[in-house]
Amino acid sequence: MASEMTYVVRFDSIGNDNVGLVGGKNASLGELIRALRVHGIRVPDGYATTASAYWKLLETGDLRAKISAQLTRLRQGEAHLEQAGAAIRRQILATEFPAELARPIFAAYHELAKPYGGGDIDVAVRSSATAEDLPEASFAGQQESFLNVRGETELLDACRRCYASLFTDRAISYRKAKGFDDLKIALSIGVQKMVRSDKGSAGVIFTIDTETGFPQALIINAAWGLGEYVVKGTVTPDQYTVFKPLLNDPRLIPIVDKKLGSKTKKLVYATGGTH
């Protein structure tokens with residue numbers, strides 16, 4: 001049986017060789033932190049639950065058997081995709097985390113809070129499937145992320161919802177189309193200190209031109225507020241094209257193209273009430 005220490009790992013201890021342990025997203029984030037911090041680039045701290053944590057949850061309350069039964073009903077035509085998917089998600093959301101799994105998640109959360117003054121800090125809770133970004137299939141973007149999560153209760157609730165999102169109708173259908181076994185793909189959860197980008201802007205950077213594949217161009221998409229609306233395509237962001245060879249000479253202007261986005265919406269922190 002896995003020990004508690006294998007259920008949680010710090011971002012700065014993982015990299016691209018740990019995709020099977022923490023999924024593609026978290027492995028890449030760990031690689032990013034390890035590569036950039038030595039150059040003085042600030043990246044928020046965080047940690048990831050491992051694939052072992054997901055398998056541990058599936059052992060709880062006979063959850064694996066319950067999921068398998070719903071998938072069998074789906075395959076045999078006894079239930080529609082919507083019915084089977086909804087039933088699986090309900091079962092996951094109703095499952096209590098075992099203490100040996102909840103303890104290390106809470107311990108890592110409180111350890112993460114120490115440099116920020118302790119207490120219930122705000123974190124982003126993101127899904128990272130162990131089958132993301134494969135050559136033959138990409139599962140990225142199929143699972144859920146939750147922002148401005150605070151405290152142990154909200155943290156565990158967000159973790160449950162991340163696990164449940166592994167069985168959305170879209171995800172089940174995509175795995176079937178690609179020939180993947182639903183019960184052989186695990187989910188890792190990344191917990192990272194939030195950045196108050198809603199006071200400015202956020203977005204994404206592509207290290208090559210995504211349309212042409214040209215390796216000397218760097219594409220930046222940005223919009224006001226938290227970056228979730230850019231990632232989900234909710235807003236049309238501003239776009240900047242940067243010519244990499246010009247970055248090494250401060251006398252030159254590396255931005256070679258700009259496109260103004262409409263940015264009609266902005267995602268900000270909740271200021272009170274229920275959510």
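No lab work stands behind these numbers, since they all come straight from the coordinates. Bear in mind that the values here come from a model prediction, so they are computed numbers and not experimental data. Note that each Cβ is placed from the backbone with ideal geometry, even for glycine, and that neighbours are counted across all protein chains shown.
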**Fill in**
The extension gain from A86 to F106, computed as 0.36 nm times the residue separation minus the Cα-Cα distance, is 4.4 nm
**Complete:** Mean separation of Cα contacts under 8 Å (at least 6 apart) over the residue count of the range 137-275, i.e. the relative contact order in percent, is 16 percent
**Message:** Please list, short to long, the whole-number percent of alpha-carbon pairs of the range 67-133 in consecutive 5 angstrom bins beginning at zero.
**Reply:** 3, 13, 13, 14, 17, 14, 10, 7, 5, 3, 1
**Item:** Highest-first arrangement of 252-263, 172-183, where packing means the average Cβ count within 10 Å
**Value:** 172-183, 252-263
**Prompt:** About the Cα centre of the range 103-226, what is the dipole size in debye to 20, counting +1 per Lys and Arg Cβ and -1 per Asp and Glu Cβ, all else neutral?
**Reply:** 220 debye
**Item:** GNM result for the chain, Cα springs below 10 Å: residue of A99, A27, A223 fluctuating most strongly
**Value:** A99
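Length gain on complete extension for the stretch D181 to R42, per 0.36 nm per residue less the alpha carbon to alpha carbon distance? Walk me through the intermediate numbers first.
Values: separation 139, 0.36 × 139 = 50.04 nm, distance 3.86 nm.
Taking D181 through R42 to full extension adds about 46.2 nm, to one decimal.
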**Asked** In whole angstrom, how far apart do the alpha carbon centroids of the range 101-115 and the range 213-275 sit?
**Response** 32 Å
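Please give the contour-minus-distance gain from R75 to L247: 0.36 nm per residue of separation, less the Cα-Cα distance, rounded to one decimal in nm.
Numbers: separation 172, 0.36 × 172 = 61.92 nm, distance 5.44 nm.
Gain on stretching R75 to L247: 56.5 nm.
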**Prompt:** List the lysines whose alpha-carbon lies under 23 Å from that of K25, not counting same-chain residues fewer than 8 positions away?
**Reply:** K56, K176, K178, K184, K193, K232
**Prompt:** Which of the peptides 79-90, 40-51 is most tightly packed, and how do the rest follow, judged by the mean count of other Cβ atoms within 10 Å per residue?
**Reply:** 40-51, 79-90
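Tell me the relative contact order for the chain as a rounded percent, counting alpha carbon contacts under 8 Å between residues six or more apart. Show your work: numbers first, answer last.
Values: 483 pairs, mean separation 45.5, N = 275.
Relative contact order here is 17 percent.
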